[in-house]
Protein chains: 2
Amino acid sequence: MARNITPRNENYSQWYLDVIKAAELADYAPVRGCMVIRPTGYAIWENIQAKLDAEIKRTGHVNAYFPLLIPESFFRKEAEHVEGFAPELAMVTHAGGEELEEPLAVRSTSETVIGHMYAKWIQSWRDLPVLMNQWCNVMRWEKRPRLFLRTSEFLWQEGHTAHETEQEAREEMLRMLEVYRKVLEEELAIPVLAGEKTAGERFPGAVDTHTCEAMMSDKRALQAATSHFLGQNFSRAFGIQFQNREGELAYCWTTSWGLSTRTVGALIMVHSDDDGLIIPPRIAPIKAAILPISKDESIAANDILPKAKELSAKLDDELGGMFTKVDTDFHMRPGDRFFAHLQKGVPVRLELGEKDIAAGTVRLVRRDTGAKMDVKNDEVIPTVKKVLADIQANLFSRAKNFRDENTHDASSYEELKEIIADKGGFVRAYFGGTKDDETRIREETGATPRCILPGNDTGKCIITGNDGARLTVFAKAY
Amino acid sequence: MARNITPRNENYSQWYLDVIKAAELADYAPVRGCMVIRPTGYAIWENIQAKLDAEIKRTGHVNAYFPLLIPESFFRKEAEHVEGFAPELAMVTHAGGEELEEPLAVRSTSETVIGHMYAKWIQSWRDLPVLMNQWCNVMRWEKRPRLFLRTSEFLWQEGHTAHETEQEAREEMLRMLEVYRKVLEEELAIPVLAGEKTAGERFPGAVDTHTCEAMMSDKRALQAATSHFLGQNFSRAFGIQFQNREGELAYCWTTSWGLSTRTVGALIMVHSDDDGLIIPPRIAPIKAAILPISKDESIAANDILPKAKELSAKLDDELGGMFTKVDTDFHMRPGDRFFAHLQKGVPVRLELGEKDIAAGTVRLVRRDTGAKMDVKNDEVIPTVKKVLADIQANLFSRAKNFRDENTHDASSYEELKEIIADKGGFVRAYFGGTKDDETRIREETGATPRCILPGNDTGKCIITGNDGARLTVFAKAY
């Protein structure tokens, strides 16, 4: 097996694609800009879905399914929304052998069509809040596609809620931001900054956008999830009205929030190394690979394989799922078999060789550190469980330390420019500028404001010099 | 609350739509032919997904995701396939503000694009079998849409497998047919006939199609799932070749199989009655509704509600999920509250009134039979579990008896015509005719061959008079 992964410090983009290819996570589709999510990549997404879906339901939301095709005219009902999304839409113009009267957009996000349905369903304050979510595919036509990060089609969940009061809707936005932070940090082991977006970075049509921003291992930022307070913009555009407790007609306050297959790209870039993928144990489809090993293929297959299967069954039982895999590629050399699991990011490798069996031990190898240990047979199960928890914690703290080490403060615009140019990473600075200021910063430095940090830390704006500017993180971003 | 469901024997189509509306299962989308699956309908689909996905994985398959858009030219590579699907395709012709060089079809089924990818991934017999499944949306443009049964967009799973030998592929087709039978009968309580399709009813491009056919409560048939042996048709069209054990290049043998949101329509039509939806307990999102009841709203809310919540928590714990719902619509009249749960098909209703509490009992009402019983407090949990199992079994046997009572034998074409015209239902007859004969039968009777029954029962064909014709079920179908 070829060790065919370009080193990170040689060519980061190529490293990223090589990791995906070696782990068989995704492939290019025949239609430019689209991707195929292969079984290993999809199993990671299914695990992310399972964790997030449980949180979405725990917080009182229900799933539903809204249509793929949206009349083009719907997008024009909210002025900022159409400006933001029209350039990326894919349009169905013919169907059933005929030209359609009105072109239909393939959904890029569903505020419009869901707003249309909410207007039909919601009558009274008793119908509120409406708390729905959908898991689906969306299309945003990409000129420069990149697997998982920017593809013309991607998978996501989009939550859409309608409330009686502004306060409830703002609380909902923050509740879901916290759900995203929790899933990203606790399950994906990705440390994030959860905070508010500046005016130039808001979702088209939102009054307030909050975001979870993560640092990749090339020090660039990636927006991993967003949660929007939409005010009454969409309820006015689509007529989502209700009779309030005073018997008067009022417009709902709405929110939307989403997390996509982009997070699989973040997962890859935060944790993986020059040997390939590393998957945090809580998200890994296979948590432990078990390898019967012998120079004599028949000993491996006849004598050792039954012991490997027994261990696999016990571990699966203990871990509560089909989380182990017994490797039976006896036709391959042991080194190539080891490397196959390395590249695929399996957290723990358990080797059962003839010597191990004679000694009553199993050799355990950690994917994150490469550390090896010989574990006595009767300690294998508790040791694997402990090591998996250690790996999860280690991946998180490693990523967090990396982010903290690569976060700098700038007290002036000159200093911000220098740091971005010389060191990269996150730069904290007080910022209270306009959208135009954001554009100027982006054009001059390549960096954008990623989020305003929570809390009341204010100071003198590095652009305008005005007091009361909020502490904001800038970075180059994916 | 209005009892707004049209009786079945008055207008079956309207009854069906009324049941869906009253239970809030689905609604029409703004784009003609498309639907919105509302939370209750989607929760039923999620439960079907969970049961079927577990079986798909248990039988060794993995999930993946292939792209929504497929180059139009791909459909033309398999002659029968394009003939079958081209008239129903929705076409994306513009994207990202530009006209595309080649129109892209929104997938109606994914044999073509998956075949294209398999040709890239499969090299050797060691790579086989490839056993993949995807859960996704597909579009087939419908001129006469009907919620769940025929919509321009629907949700489904489509399995696609590639094998070394014809025998393995044929076994795979039958394995998945059996998985469908099991899920439909054991989980959805829908009795099915699992058998082979005649030539005129095969999937476009298949060598052999098998089907699960169910009888709805208006005696018409509905195809609930299909499993196809595709021979080498798609592997030749897309070049899915592998080096076999003898070192020669060979074409794979492939299968595909699918089950869609159409089964939600079948579920509605098999079990429901003039009061509305009935959901089999194993698929029901809410298995028991718990209603604190008092003429005095404050007694219901303050004294009885805590007891209801306690019972709900215990039952959820026992049933292993959030399967109960406490009804707090104290502003509604008890009769309207009862009816709301009836219409939504909740299998069991538990009423806690002041008299019940004084007597140390709970009133239990079954949705399927309407039977009422007063259950002692300490027997509520085992009784509910038993009643849920009884309801599941009763719904299945009720549907099976109905099907059997409405299945007739015809020894001649004249007899078949008479039975279809006078009684409807399923008609068994020996049939060995051609596609043209099938067309003639359909035109003259409205019925089609639904499936050839398994087994070796043969006789004289009612059309050609030739011996050796197989026993085939005919019916009018959805």
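The values are calculated or read from the model by the stated rules, or taken from the named source; none is laboratory data. Since the model is a prediction, treat every value here as computed from it, not as a measurement. Counting neighbours? That spans all protein chains shown, and the Cβs are built from the backbone with ideal geometry, glycine included. These area figures cover heavy atoms from the full protein model, side chains too; ligands, DNA and RNA do not enter into them. Shrake-Rupley method; radii C 1.70, N 1.55, O 1.52, S 1.80 Å.
When the label point is put 7 Å from the Cα of B:K355 along its Cα-to-beta-carbon vector, which residues of region B:281-320 have a backbone N closer than 17 Å?
B:291-296, B:300
Using modelled backbone amide H atoms (1.01 Å from N, in-plane), which distant-in-sequence or interchain residues come within less than 5 Å of A:L89's amide H?
Those lying under 5 Å, H to H, from A:L89 are A:W141, B:G96, B:G97.
Ordered by residue, what ³J(HN,Hα) values in Hz, to whole numbers, does region B:436-452 give under the Karplus form 6.51 cos²θ - 1.76 cosθ + 1.60, where θ = phi - 60° and Gly and Pro are x?
5, 4, 4, 4, 4, 4, 5, 5, 7, 10, x, 9, 10, x, 7, 6, 8
What does the net charge come to around A:W141 if you take all other residues with beta carbon closer than 12 Å to its beta carbon, with K and R at +1 and D and E at -1?
Charge balance in the 12 Å sphere: +1.
Dividing the alpha-carbon radius of gyration of region A:288-387 by 2.2 N^0.38 Å (N being the number of residues), what value is obtained?
Expressed relative to 2.2 N^0.38 Å, the Cα Rg reads 0.98.
Within region B:270-371, list the trypsin sites (Lys or Arg not before Pro) lying in a DSSP loop whose Cβ has at most 11 other Cβ atoms in a 10 Å radius.
Numbers: sites: B:R282, B:K287, B:K295, B:K307, B:K309, B:K314, B:K325, B:R337, B:K344, B:R349, B:K355, B:R363, B:R366, B:R367; in loops: B:R282, B:K287, B:K295, B:K344, B:R367.
Here the trypsin sites (Lys or Arg not before Pro) that fit, given the DSSP loop and packing criteria, are B:K295.
Quick one: in the protein assembly as shown, what % of C-alpha pairs are over 44 Å apart? Mind dumping the intermediate values first?
Details: 175730 of 456490 pairs.
Everything past 44 Å amounts to 38 percent.
Taking 7 Å along the Cα-to-C-beta vector as the label spot, tell me the B:S412-A:D127 distance in nanometres, rounded to one decimal.
Label at B:S412, label at A:D127, 6.0 nm between them.
Got a sec to turn the phi values of region B:458-464 into Karplus ³J(HN,Hα) couplings, 6.51 cos²θ - 1.76 cosθ + 1.60 with θ = phi - 60°, whole Hz, x for Gly and Pro?
10, x, 7, 5, 5, 9, 8
With each pseudo-label sitting 7 Å past Cα toward Cβ, what's the B:A86-B:Q14 distance in nm, one decimal?
In this crude label model, B:A86 to B:Q14 measures out at 4.2 nm.
Roughly how many whole Å is it from the C-alpha centroid of region A:422-468 to that of region A:360-388?
47
Quick check on region A:407-475: what does the Kirkwood estimate of hydrodynamic radius come out to from the alpha carbon pairs, in Å?
11.6
Based on the Cβ-Cβ distance of B:K460 and B:E178, what FRET efficiency does E = 1/(1 + (r/R0)^6) give at R0 = 45 Å, to the nearest 0.05?
In this case the efficiency is close to 0.90.
Could you work out the Kirkwood radius for region A:153-199, taking every pair of different alpha carbons, averaging 1/r and inverting it, reported in Å? Before the final figure, lay out the partial values.
Working: mean 1/r = 0.0799 Å⁻¹.
Computed over Cα pairs of region A:153-199, the Kirkwood hydrodynamic radius comes out at 12.5 Å.
Enumerate the calculated ³J(HN,Hα) couplings along region A:330-346 in order (Karplus 6.51 cos²θ - 1.76 cosθ + 1.60, θ = phi - 60°), each rounded to whole Hz, writing x wherever the residue is Gly or Pro.
5, 6, 9, 6, x, x, 5, 5, 4, 5, 4, 6, 4, 4, 8, x, 4
For chain A, the longest stretch holding no GluC sites (Glu not before Pro) located in a DSSP loop with at most 10 other Cβ atoms within 10 Å is which?
With a cap of 10 other Cβ atoms within 10 Å, the longest stretch comes to A:11-245.
So, R0 is 22 Å and r is the distance between the beta-carbons of B:E98 and B:R32; what FRET efficiency does that work out to, to 0.05? Don't skip to the end; give the middle numbers.
On the way: r = 27 Å, r/R0 = 1.23.
In this case the efficiency is close to 0.20.
For a label point 7 angstrom out from the Cα of B:E24 toward its Cβ, which stretches of region A:107-130 have the backbone nitrogen within less than 15 Å?
Residues A:117-130 qualify, since their backbone N sits under 15 Å from the label point.
Can you run the Rg to Rh ratio on region B:12-271? Use alpha carbon positions and the Kirkwood inverse-distance Rh.
Rounded to two decimals, Rg over Rh is 0.98.
Relative to the other copies, what are the label-point distances for A:K143, with labels 7 Å from Cα along the C-beta vector, expressed in nm at one decimal and sorted shortest first?
Those separations, rounded to one decimal, come out as 4.3 nm.
Based on alpha-carbon atoms only, what is the radius of gyration of region A:329-478 relative to the globular estimate 2.2 N^0.38 Å?
Working: Rg = 24.4 Å, N = 150, 2.2 N^0.38 = 14.8 Å.
Normalised Rg, Cα atoms only: 1.65.
Considering the Cα trace of chain A, what is its radius of gyration and what is Dmax, both in angstroms?
Reported Rg and Dmax, both Å: 25.1, 83.
Using a label point 7 Å beyond Cα on the Cα-Cβ vector, give me the inter-copy distances for A:D390 in nanometres, one decimal, shortest first.
Nearest first, the other copies' label points are 5.6 nm away.
Subtract the Cα-Cα distance of A:K120 and A:A79 from 0.36 nm times their separation in residues, and report this length gain in nm to one decimal.
Separation in residues times 0.36 nm, less the Cα-Cα distance, equals 12.6 nm.
Taking 8 Å as the Cα distance limit and 6 or more residues as the minimum spacing, I'd like the relative contact order of chain A as a percentage.
14
Can you pull a Stokes-Einstein diffusion coefficient for region A:1-145 at 4 °C (1.567 mPa s), Rh from Kirkwood over Cα pairs, as a whole number of µm²/s?
For the chosen part, D equals 69 µm²/s.
Between region A:101-159 and region B:60-98, what is the separation of their alpha carbon centroids in Å?
Measuring centre to centre over Cα atoms gives 22 Å.
What's the average, rounded to a whole number, of partner chain beta-carbon atoms within 10 Å of each residue's beta-carbon in A:57-66?
Taking all residues of A:57-66 together, the mean is 5.
Calculate the dipole size of region A:384-465 relative to its Cα centre from +1 charges on Lys and Arg beta carbons and -1 charges on Asp and Glu beta carbons; express the result in debye to the nearest 20.
Around 560 debye, computed over region A:384-465.
Arrange the residues A:V326, A:V387 by how much accessible surface each exposes, largest first, with a 1.4 angstrom probe. Before the final figure, lay out each step's value.
Values: A:V326 35, A:V387 10 Å².
From most accessible down to least: A:V326, A:V387.
Distances from A:D329 to the same position in the other copies: list them in nm, one decimal, shortest first, using label points 7 Å from Cα along Cα→Cβ.
The projected label point of A:D329 is separated from its counterparts by 5.8 nm.
Using a Förster distance of 51 Å, how high is the FRET efficiency between B:N302 and A:D404, based on the Cβ-Cβ distance and rounded to 0.05?
0.50
According to the square roots a ≥ b ≥ c of the eigenvalues of the Cα gyration tensor, what is the shape class of region B:70-219, taking rounded for a/c under 1.5, prolate for a/b larger than b/c otherwise, and oblate for the remainder?
Taking the square roots of the gyration eigenvalues as a ≥ b ≥ c, region B:70-219 is oblate.
Considering amide H positions built from the backbone, and no H for Pro or chain starts, which residues 5 or more places from A:L100, or on another chain, come under 5 Å of its amide H?
Counting only residues 5 or more places away or on other chains, the set is A:H94, A:A95.
Run the 1.4 Å probe and let me know the accessible area of A:V183, rounded to the nearest 10 Å².
Accessible surface of A:V183 is approximately 0 Å².
Dimensions of region B:347-391 along principal axes (Cα, Å, largest first)?
Per principal axis, max minus min of the Cα coordinates gives 29, 19, 11 Å.
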